[in-house]
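Before any comments, here is the structure.
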């Protein structure tokens, strides 16, 4: 039996978008739904990473003397400043989606970076350790962003095929109201 592949590996495999014209509209929608779920997961991970990066940046400023407040005093502002509202680059989706399981429970690099509990140990970490964590968070954010961009590219290809079918009368627009 072939080992189970991660969803990101499945959707970035060229075969995933090969010969889209031969797939049923339901199969195209199923694939688009998988992409939507992946976007939700990557968005969640990016927000988690950015939050940690903001906290780490604050701690580094505090240590250098640029900041006089404690982390606890500044926490509401740090968290509020990181919230920009919905991204303009997100895939349109139903607002009732469930969030992915919390990170830290797996063997992926993102799970290790988000599951290390660094916040609890932040005051006791030396500057070198902070720099290592910062580098790991930056690398993880880059990887997640790259994967997310790949998801958008595949989503666009599938959405183009669905749109083409509606435009060319190959799919019934009434079916749009029957989608999940």
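Only the coordinates and a few stated rules stand behind these numbers; no lab work does. Please read these numbers as outputs of a predicted model, since none were measured by experiment. Glycine gets a Cβ as well: all are built from the backbone with ideal geometry, and neighbour counts include every protein chain shown.
Structure data summary
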read-out: Residues 64, 150, sorted so that the one with the fewest Cβ neighbours within 10 Å comes first; value: 64, 150
read-out: Residue 139-residue 79 FRET efficiency (beta carbon distance; Förster radius 30 Å; 0.05 resolution); value: 0.85
read-out: Residue 131/residue 15 FRET efficiency (R0 45 Å; Cβ-Cβ; nearest 0.05); value: 0.65
read-out: Point-to-point label distance, residue 152-residue 164, nm (Cα→Cβ direction, 7 Å offset); value: 2.2
read-out: Two-site FRET efficiency, residue 30 against residue 69, from Cβ-Cβ distance with R₀ of 45 Å, rounded to 0.05; value: 0.35
read-out: Label-to-label distance, nm, for residues given as residue 6 and residue 57 (7 Å Cα→Cβ offset); value: 2.6
read-out: Ranking of 142, 33 by count of other Cβ atoms within 10 Å, fewest first; value: 142, 33
